[in-house]
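Data block below; observations after.
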Amino acid sequence: MTLLTRRNLILFAWAFSVLSIAGAWTFQLLGYAPCEMCYWQRYPHYAAILIGLVALATRWYWLAWFGALAAAITSGLGAFHTGVERHWWAGPASCTGDDISGLSTEDLLDRLTAAPLVRCDEIPWRMSDAIPWELLDITMANLNALGSFAIVFVWLAAARIRG
């Protein structure tokens, strides 16, 4: 009996998304408020959870292709968020800092009152905060990008198994 069945692979990929969402909620309960881009990364995980449940309940294993797509989307969003929080590129104006020179006092006040409480270009938690080792300068967005990228291949393996 092999452990690498379609069902087990889908179950593993589904569990990854469940644990990712549980981890996000846990960090949120610990006081790490999510930014707008953090929420964006959660939506494909919710889709993957639903896809996994339907695939497992109905044996519609072809849905694994859509699970791979959801994992690829959240991985891409995590990679994009990584670049934003490390200031490699600009993020959406709705949750990052932008140039305020030339603004009137009234415009500046409007921006401040409309600004999000949590900015996408700031890193609220790093693994190196918990484990004092510089090589572990890994953020939640990094973990999502890398973990979800690996899970893409689990979903693809499930989709490609015949029988």
Checklist entry - Given the structure, is Pro44 part of a loop (DSSP other than H, G, I, E, B) and under 22 Å from Cys120 (Cβ atoms)? => result no
Item to check | Test result for Trp40, within 13 Å of the chain's Cα centre (by Cα) and either exposed (fewer than 15 other Cβ atoms within 10 Å of the Cβ) or of a type in the set (D, E, K, R) (or both) | outcome: no
Item to check | Single residue of Ala141, Ala145 found to be within 18 Å of Trp40 (Cβ to Cβ), touching a His at 6+ places or on another chain (Cβ under 6 Å), at pLDDT 85 or above and surrounded by 15 or more Cβ atoms within 10 Å (Cβ to Cβ) | outcome: Ala141
Checklist entry - So which of Leu77, Leu11, Leu53 ends up being touching a helix residue (DSSP H, G or I) at 6+ places or on another chain (Cβ under 8 Å) and under 22 Å from Val118 (Cβ atoms)? => result Leu77
Checklist entry - What is the residue count in segment 67-89 for residues that are out of contact with any Asp or Glu (no Cβ under 7 Å at 6 or more places or on another chain) and over 15 Å from Ala150 (Cα atoms)? => result 7
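The values are calculated or read from the model by the stated rules, or taken from the named source; none is laboratory data. These figures come from a predicted structure and were not determined experimentally. Counting neighbours? That spans all protein chains shown, and the Cβs are built from the backbone with ideal geometry, glycine included.
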